[in-house]
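Engineer: Okay, handing you the structure first.
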Amino acid sequence: MKTTSNEPPLLGTLQNSYHPRALPGKVLLGSAIFCGLMSVLELITAVNKYLGPPNTVLSDRYRQDAIMIAAVLSVVFFLLAIALSALYFAHKKHRVDLYEYGIVVVTWRGSTDFPWRNIDDLKMLPIYGRSRRPVNWDITVVRNDDVAAKFRGLEGLTVLIKTIQRKIAVNDGY
């Protein structure tokens, strides 16, 4: 069930919204800007070497190689900038809205609602850093019609997990 409105009428009132953590988004955006600038710098280098006079000490083959390397690096940095910008866009569009009677998982592709009574499974996989303590969780919510949604890296994710577990347990009692 894809939803297009901001507030699904069947899920009640909005309780809270869980947005992605800011630091990964800043890293993605900074990396995309850096790659874009490096692409422009390498393009300028290639054009300057192309328009410059041939070197009298070194062979012309060296100049041609330098132009080709700068042009290839420009293209590689440009493609990296595009990929990182797309990842940043997907990161910023991801959120989970907690409603009175369910949740809505929003991604760049759209949104999917999960009423409490229709959630069949909640899978939680820990993601470890350099310690034995989980630094993040990979959460998968599965509806009774086998529609699944994944999310991780949200602010207040542990609170959201506990809320989902509590609401599923209450609705399993019926």
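The values are calculated or read from the model by the stated rules, or taken from the named source; none is laboratory data. Note that the coordinates shown come from a computational prediction; the quantities given were computed from them, not determined experimentally. Every residue, glycine among them, receives a Cβ derived from its backbone with ideal geometry; neighbour counts consider all protein chains shown. Only protein heavy atoms, including side chains, enter the accessible area calculation; ligands, DNA and RNA are left aside. Shrake-Rupley method; radii C 1.70, N 1.55, O 1.52, S 1.80 Å.
Engineer: For LEU84, state whether it is open to solvent by less than 50 Å² (accessible area, probe 1.4 Å) and part of a strand (DSSP E or B).
Structural biologist: No.
Engineer: Specify the residue that is farthest from the chain's Cα centre (by Cα); the eligible residues are those in region 146-174 that are of a type in the set (Gly, Ala, Ser) and surrounded by fewer than 14 Cβ atoms within 10 Å (Cβ to Cβ).
Structural biologist: GLY173
Engineer: Name the residue, out of LYS167, LYS162, LYS123, that is over 28 Å from GLY25 (Cβ atoms) and either basic (Lys, Arg) or touching a Gly at 6+ places or on another chain (Cβ under 9 Å) (or both).
Structural biologist: LYS167
Engineer: Could you please give the count of residues in region 87-106 that are of a type in the set (D, E, K, R), in a strand (DSSP E or B) and surrounded by fewer than 20 Cβ atoms within 10 Å (Cβ to Cβ)?
Structural biologist: Result for region 87-106: 1.
Engineer: Kindly establish whether ASN144 is in contact with an Asp or Glu (Cβ under 9 Å, 6 or more places away or on another chain) and at pLDDT below 90.
Structural biologist: In short, yes.
Engineer: Tell me, please, whether a residue that is surrounded by fewer than 16 Cβ atoms within 10 Å (Cβ to Cβ) and polar (S, T, N, Q) can be found in region 67-78.
Structural biologist: no
Engineer: Another question, if that's okay. Regarding ARG143, is this residue closer than 26 Å to ALA32 by Cα, buried (at least 16 other Cβ atoms within 10 Å of the Cβ) and basic (Lys, Arg)?
Structural biologist: No, not satisfied.
Engineer: Do you know which residues across region 43-66 are open to solvent by less than 80 Å² (accessible area, probe 1.4 Å) and of a type in the set (Ser, Thr, Tyr)?
Structural biologist: THR45, SER59
Engineer: When ASN136 is evaluated against the numbered criteria (1) within 20 Å of the chain's Cα centre (by Cα); (2) in a helix (DSSP H, G or I), which criterion, by number, is the only one it fails?
Structural biologist: Unmet condition: (2).
Engineer: If the Cβ limit is 7 Å and pairs must be 6+ apart or interchain, which residue in region 139-154 that is among the hydroxyl-bearing types (Ser, Thr, Tyr) pairs with which residue that is open to solvent by 20 Å² or more (accessible area, probe 1.4 Å)?
Structural biologist: Qualifying pairs under 7 Å: THR140/LYS123; THR140/ALA148; THR140/LYS150.
Engineer: Another question about this same structure. So which of ARG166, ARG130 is assigned to a helix (DSSP H, G or I) and without any contact (Cβ under 8 Å) to a residue 12 or more places away in the chain?
Structural biologist: One residue alone meets the criteria, ARG166.
Engineer: What pairs can you find where one residue is in region 90-110 and touching a residue at least 12 places away in the same chain (Cβ under 8 Å), the other is hydroxyl-bearing (Ser, Thr, Tyr) and not in a strand (DSSP E or B), and their Cβ atoms are less than 6 Å apart, with a gap of 6+ or different chains?
Structural biologist: The qualifying pairs are GLU100/THR13.
Engineer: Could you check region 139-163 and list, in sequence order, the residues that are farther than 21 Å from ARG117 by Cα and in a loop (DSSP other than H, G, I, E, B)?
Structural biologist: Correct list: ARG152, GLY153, GLU155, GLY156.
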